[in-house]
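K.L.:
Have a look at this one before I ask anything.
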Amino acid sequence: MNKRSIAAPIVLVATVLFSLVPLVREGVELPVAEHHLLHAVMLAGAALAGILFVGSPVRGRPGSPAWLLAAMLAPLPAMLLMWPSDYAYLETHAFGHVVEHLGLVGLGFVTGYAGQRYANGIGWAAGLSVVAMAALAAGGYGVGPGGAANVPPAPQAAVPGTTAAAFGEPHVANGAKLFGQNCAVCHGVAGAGGEGPSLRGESARKSLVLAEHWIANPAPPMPKLYPGTLSAQDVADVAGYVETLK
Amino acid sequence: MSGLRVMWTYMLTGLAIFALMLLAGIGLRASQANWIAIDPGTFYSILSLHGIGMIVAMALAGLGVLWYLVRKEIPELDPRVAYMAYGFFLAGVVSVIVSVVPGKYGSLWTMLYPLPFVGAYWPSWATGAWLVGNALVMIGFMLWCAQVLGALLARYGGIRGMLAIDYVFDRRAFAEAGRTPPPPAMFAAAIVSFDGFITGTVGLVIGTALIVHWIDPSVVVNPLWAKNLTYLFGHSFANLTMYMAVAGIYVGLPLCTKREYHTSVPLAVAWWGTLLFVMIAYFHHLYMDFAQMVWMQYVGEISSYLAAVPVVVVTIYGGVMLVHRSGMRWSLGSMFLYAGMIGWVVGGAAAVLDATIPVNVDLHNTLWVPGHFHTYLLEGVLLFILGWVFVNLEQRAGAASSLPVRWLTGIGMFGGGSLFLMSFYLAGAAGVPRRYALEPAPGPYLAGLATIGALAFLAGLLVCIVEGIRLARLSKREALT
Amino acid sequence: MGNVGPIFWIFCAIAVLAISSMVLLGNYRNREALPQDVVTSSGYAIRRYWFWAVIAGSIAAFFLTIPSFPYLSAAANADAIHFPVVAQQYGFAAPPVVPLNRDVIFDVSSKDVNHGFGIYAPNGAMMSQVQAMPGYVNHLRVRFTVPGRYLIRCLEYCGIAHAAMQGGFDVR
C-alpha cells in the first residue's frame, strides 16, 4: 500500500461527501458564478481521484485510443450538467441537485482516470482542462455583466428639414438602381420582402413625402443612409421608385 | 510508413480545402470591387466559410506535417488516434459547410455574442450546425494535441524533459548524464500540443455556452467574457498554425542546405517565450474594449511585441544562417521555405504596428487587420507547407523544377500575392473598414487591384500544382524502377 | 490617410528592408559557399547584438506608447463634456452637434450586439474609434479642432447591414 493507493479513495470519498452538501443545505441560493466555482472544486477532486486510482503506470506504449476519447469527451456533458438556468430549480430540489453533482463527480473521475490510462500526464492535462472549463464558466456562462448595464438614454437626434422640396424631383430609374444596391438586401428584390417588410403597394401606406421622411429618418433596425450614403436627391429617387412598387 | 500516410491525408485535405476557400476569397474581393454582384447576405455567408475554412485548412496541413515528424522520433505514435482526430475535424467541416450552404449562416468565424442570435437572417438550425461544427473541430484538435503531448511527455521525461529545462539550466550535468535534448521540431510539437490543449479547452467553453444559449435563450452570457474567450481561442488557434508549419523549416531547410540544425539553449528558451506569449497576446484583440481591465491592455501590448522576439532572433535568424552561403540549390521547395520566412517577417511588422495601442485606435477593424493575417497565412504558413510538400516530392523524385517554372510560380504567388496584400494595407491605412460587403471609397478600387493580384496568385499556384503532380508521377516511376 | 499615414510608410520601409536584406543574405549566386561553422561563428556573434537590440526596442516602444493610451483615468473625466452614444442594428443615436476645441467624452454603448463607433473626419480620414458593447459603457475622449460634418461608421461586424450602418454629427 503506497501513499497513492491510500490517497485515491480518500479523495474520492471526500469529493462525494462534498457533492452531498445540498442534502443538508437545501434551499440555499448561490450566485451562479459561485455555484460554477464550487462545481469546479468538485470536478477537481473527482479528476484527482481518477488520476490517483490509476497509480503509476510503468509502460512504454500509450493505452487504447478509447481511453483518450473518453477523457476528451467527458468534460462536455459536465458542462451541460452545469446548465445555468437549471440552477435555480436544483437549489430547491435537493435530490435532483445531488444527482447532478454525482454526475459531475462521475464525469470528472472518468476524465482523470481515462486520461491517465491513455498516457501518463494526460490525466492531469484533461483534469486541469475540465476544471478550467468550470472555473472559466464563472466569468460569463449564465452570468451577465455586473452593475455596468447602465446604458445611457438614447439622445434625441435633431430631425433635419424634411419637407418634400428639400429632396427634389424623384427620378424613378435612378431610384430603382439605388434600391437594388442599398435596400434590396433587406426588403428583397423589387421590394418583395426579406429580413425587412415587403414594400409592395407601399404607396397605399405612405405618400411620397412620408416615404422620403422615413428613408431620411428610419427607426431601427433600418439603417440611416441619409445624409451619408444617400444624397437628398437619392432619397427622392428611391422614394419615387418605392411609390411605384405594386 | 503509416506516418507518411497520415501526413498526406491531413496535408492534402488541408490543401484541398485551402484551394476551395481561395476561390471563395477571390469571389469576395471581386464583389467588394463591384466587379461581380453578391448580395450582402450571401457575402457574409461566404466570408464566414472562408474564414473558418482557411484556418482549419492551414491547421490540418500543419498538424499533418508535425504528426509525421513526431512519429519519426516516437514510433509508438498510433495512427488510429490521428485518424480519429481527423474524423472529428472532417465531421466539423461538413457541419460548418452545411450551416453555410444551404443554411446561409452569416455571422463570421470570430463572432461576438450576442451574435449570431440577434438579427440573424438565416434559420436557427444553421446556427446550431455552425456551433456544433466548430465544437467538433475543437474536439479533433484536442485529441491530436493530447496524443502528441502524451507521447512527448513519455519520450522526453515529463514537462521538464519536453521543454529541456534541465538542459538549459545545467548543460554540463545534462551532457555528462548522457542525455540529449529534444530536436528542434519537437519543440514546435510541444508548444503546439500544450498551448493547443489550452486553446481547445477555451474553445469548448465558449462553444458550449453558445450552444446552450442557442437551445435555451434564457441562459445569459456575458458579452465581454464571451469576447475574451472567443479571441483567446481564435487568436491562439490561428497563431499556432504558424508554429505547426515552422517544423517544416526546422527539418526542410537543413535538408536543402545540407547543413545541420540542432537544439541549442537559445532555441529552447525562445520556445519557452513562444509558449507563454502566444497565449497572452490575445488581449490585443480587445484594445478598443475600454471595459476591459486596463492591466490586460498593457499585457497585450508588451506580449505582442515580445512574441516577435523568438521569431526574429532565433527561428528566422537561424533559417537565414542556414541558407547563407550554403550553396543550396533553389528549387520550389527551398524557394517556398525561404520566402515563407520573409512573409512571416513582413506580416509580423504589420502585426506589431497594429498591436501598438495608439496605432490600433486608427487601424482596429480596418482592412489592415486582414492585411496582416493574410500575409502570415498566404505568404507564411502556406509557403512553409508547400515548401515541405515540394522538398518531399523533390527528394522522392530525385528531381527539381526548371527555372521557368520557378519564375512563373514566383511571379504569380509572390508578385500577385504582394499586390493582393498591399491592397489590404492601403485600404486599412485609408480607414476602409473590414467586413464591409459594400465598401466606401477607395475600397472598391483597391479591391479591384486585390482581385487582379489574387488571380495572379492563383495562376502561380496552378503552375505549382501542375509541377507537383509532375514530380509525384516521376517519383512513382522512380519507386518502380 | 489621417494619423496613420506615417505608420503606413514605416511599414513599407520595414517590409522593403526585410525583403531586400533576406533576399541578399540568402542569395548565394556568384559567391562561394562557406562551411557552416564559419557562418555560424560570426552569425552567433551578431545575433547577440540583434537580440539585445530587439528586446531594447520592444521595451522602449512599449514605454513610449503608454502616454498615448486611450484608457481614461477618473481625473481625465473631470472637466470634459459627456455625450451619450447608443449603437443598435443598424444606426447610431448620437448627439447632432459637438463643440469645437473642447475635450469631449463619448459614453458609448449598444442596445443589442457589439458595434464599433468609428469617427471619420470631414476629409474622410479615420479619427478615432471605440467598441460599443451591450451591457457596458466605453468612454472615448476626443478633441475636435476642425469644424464640419463628421461621419460615424460601424466598425464591428453586427449583421447584414453592417456596411450600411452610419451616423454623423456636426462640429461647430
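The values are calculated or read from the model by the stated rules, or taken from the named source; none is laboratory data. As the structure is a prediction and not an experimental result, all values here were calculated from the model. Neighbour counts run over all protein chains shown; Cβ positions are idealised from the backbone, glycine included. When the accessible area is computed, the model is the full protein with side chains, heavy atoms only, and any ligands, DNA or RNA have been set aside. Shrake-Rupley method; radii C 1.70, N 1.55, O 1.52, S 1.80 Å.
K.L.:
Suppose all protein chains stay in the model; what accessible area per residue would a 1.4 Å probe give for the stretch A:6-122, in Å²? Walk me through the numbers before you get to the answer.
P.N.:
Values: 5120 Å² over 117 residues.
Averaged over the residues of the stretch A:6-122, the accessible area is 44 Å².
K.L.:
So which residues of the stretch B:86-126 lose at least 30 Å² of accessible area, probe 1.4 Å, when you go from the chain by itself to every protein chain present?
P.N.:
Those residues are B:L112, B:P114, B:L115, B:V118, B:G119, B:Y121.
K.L.:
Can you give the convex hull volume per residue for the Cα atoms of the stretch B:1-106, as a whole number of Å³?
P.N.:
Numbers: hull volume 8.3 nm³, N = 106.
It comes to 78 Å³ per residue, whole-number rounded.
K.L.:
In the stretch A:112-128, what residues drop by 30 Å² or more in accessible surface going from the chain by itself to the full protein assembly, probe 1.4 Å?
P.N.:
Buried on complex formation: A:Y118, A:I122, A:A125.
K.L.:
Right, another one. Can you tell me the mean projection area, over all orientations, of the convex hull of the stretch A:3-137's alpha carbons? Units nm², please.
P.N.:
Numbers: hull surface 30.6 nm².
That works out to 7.6 nm².
K.L.:
Using modelled backbone amide H atoms (1.01 Å from N, in-plane), which distant-in-sequence or interchain residues come within less than 5 Å of C:S128's amide H?
P.N.:
C:I119
K.L.:
Next question, about the same structure. Just the number, please: carbon plus sulfur as a percent of the accessible area of chain B, 1.4 Å probe, no ligands or DNA/RNA counted. Present the calculation step by step, with values, prior to reporting the outcome.
P.N.:
Values: 10450 of 14980 Å².
So the carbon and sulfur contribution to the accessible surface is 70 percent.
K.L.:
Could you compute how much accessible area chains A and C hide from each other, both sides summed, with a 1.4 Å probe? Nearest 100 Å² is fine.
P.N.:
On the way: alone 13760 and 12070 Å², together 24150 Å².
Result for this pair: about 1700 Å² buried.
K.L.:
Would you compute, for the Cα atoms of chain B, the largest minus smallest coordinate along each principal axis and list the three values in descending order, in whole Å?
P.N.:
63, 49, 44
K.L.:
Follow-up. Heavy-atom accessible area of A:E243 with all protein chains present, probe 1.4 Å, nearest 10 Å²?
P.N.:
Approximately 40 Å² for this residue.
K.L.:
Rolling a 1.4 Å sphere over the protein heavy atoms, what is the accessible area per residue of the stretch B:330-481, to the nearest Å²?
P.N.:
Working: 4870 Å² over 152 residues.
Solvent-accessible surface per residue comes out at 32 Å².
K.L.:
What is the log10 of I(q)/I(0) for the stretch B:19-170, computed with the Debye formula using one identical point scatterer on each Cα and no solvent, at q = 0.13, 0.16 Å⁻¹?
P.N.:
Computed log10 I(q)/I(0) values: -0.70, -0.89.
K.L.:
I would also like to ask the following. Tell me: how much accessible area in total is hidden between B and C, 1.4 Å probe, Å², nearest 100?
P.N.:
Working: alone 19680 and 12070 Å², together 24910 Å².
Interface area, both chains combined: 6800 Å², rounded to the nearest 100.
K.L.:
Roughly how far apart, in whole Å, are the Cα centres of the stretch C:34-76 and the stretch B:283-354?
P.N.:
12 Å
K.L.:
List the residues whose amide H sits under 5 Å from the amide H of C:S110, counting only those 5 or more places along or on another chain, with H placed 1.01 Å from N in the peptide plane.
P.N.:
Distant-sequence amide H within range of C:S110: C:A87, C:M133, C:G135, C:Y136.
K.L.:
Mind running the shape call on chain C? Use the C-alpha gyration tensor, a ≥ b ≥ c as the square roots of the eigenvalues: rounded below 1.5 for a/c, prolate if a/b tops b/c, oblate otherwise. Before the final figure, lay out each step's value.
P.N.:
On the way: a/c = 2.89, a/b = 2.41, b/c = 1.20.
Since a/c reaches 1.5 and a/b is larger than b/c, the shape of chain C is classed as prolate.
K.L.:
Still on this structure: Could you give the dipole magnitude of the protein assembly as shown about its Cα centre, charging the beta-carbon of Lys and Arg +1 and that of Asp and Glu -1, in debye to the nearest 20? Walk me through the numbers before you get to the answer.
P.N.:
Working: 47 positive and 40 negative charges, 502 e Å.
The dipole of the protein assembly as shown has a size of about 2400 debye.
K.L.:
Which residues' amide hydrogens lie under 5 Å from the amide hydrogen of C:G116, considering only partners 5 or more residues apart or on another chain, with H built in the peptide plane?
P.N.:
The list, which skips near neighbours in sequence, is C:A132, C:L155, C:E156.
K.L.:
Would you list B:K227, B:K104 from the most to the least accessible area, probe 1.4 Å? Spell out each step's value before the answer.
P.N.:
Values: B:K227 5, B:K104 80 Å².
Greatest to least solvent exposure: B:K104, B:K227.
K.L.:
Let me ask something additional. On the accessible surface of chain C, probed at 1.4 Å, how many percent belong to carbon and sulfur atoms? Before the final figure, lay out each step's value.
P.N.:
Numbers: 4980 of 7810 Å².
Carbon-and-sulfur percentage of accessible area, whole number: 64.
K.L.:
According to the Kirkwood expression over distinct Cα-Cα pairs, how big is the hydrodynamic radius of the stretch B:346-401, in Å?
P.N.:
On the way: mean 1/r = 0.0767 Å⁻¹.
That comes to 13.0 Å for the stretch B:346-401.
K.L.:
Further question: Please list, short to long, the whole-number percent of alpha-carbon pairs of chain A in consecutive 5 angstrom bins beginning at zero.
P.N.:
Spelled out bin by bin, chain A gives 1, 6, 11, 12, 9, 6, 5, 4, 4, 5, 7, 8, 7, 6, 4, 2, 1, 0, 0, 0 percent.
K.L.:
From the gyration tensor of the Cα coordinates in the protein assembly as shown, what semi-axes in whole Å does the equivalent ellipsoid have, largest first, with each one equal to sqrt(5λ)? Let's see the in-between values first.
P.N.:
On the way: eigenvalues 420, 271, 136 Å².
Semi-axes from the Cα gyration tensor: 46, 37, 26 Å.
K.L.:
Let me ask another. Among bridges DSSP assigns within the stretch C:79-171, what percent are antiparallel (round to 5)? Write out the running numbers ahead of the final one.
P.N.:
Details: 25 of 36 bridges.
Given both bridge residues lie in the stretch C:79-171, the antiparallel proportion sits at roughly 70 percent.
K.L.:
While we're here: So how much accessible surface do B and A hide from each other in total, probe 1.4 Å, in square angstrom to the nearest 100?
P.N.:
Working: alone 19680 and 13760 Å², together 30600 Å².
Counting both chains, the buried surface is close to 2800 Å².
K.L.:
Each residue of the stretch B:422-438 in turn: what ³J(HN,Hα) in whole Hz from Karplus with 6.51, -1.76, 1.60 and θ = phi - 60°, glycine and Pro shown as x?
P.N.:
Coupling constants for the stretch B:422-438: 4, 4, 4, 5, 4, 4, x, 5, 7, x, 6, x, 8, 6, 9, 5, 10 Hz.
K.L.:
If you don't mind, another one. If you line up the Cα atoms of the stretch C:79-171 on their principal axes, what length do they span on each, largest first, in Å?
P.N.:
For the stretch C:79-171, the Cα spread along each principal axis is 35, 28, 18 Å.
K.L.:
With N residues in the stretch B:329-481, what two-decimal value do you get for its Cα radius of gyration over 2.2 N^0.38 Å?
P.N.:
Details: Rg = 18.0 Å, N = 153, 2.2 N^0.38 = 14.9 Å.
Normalised Rg, Cα atoms only: 1.21.
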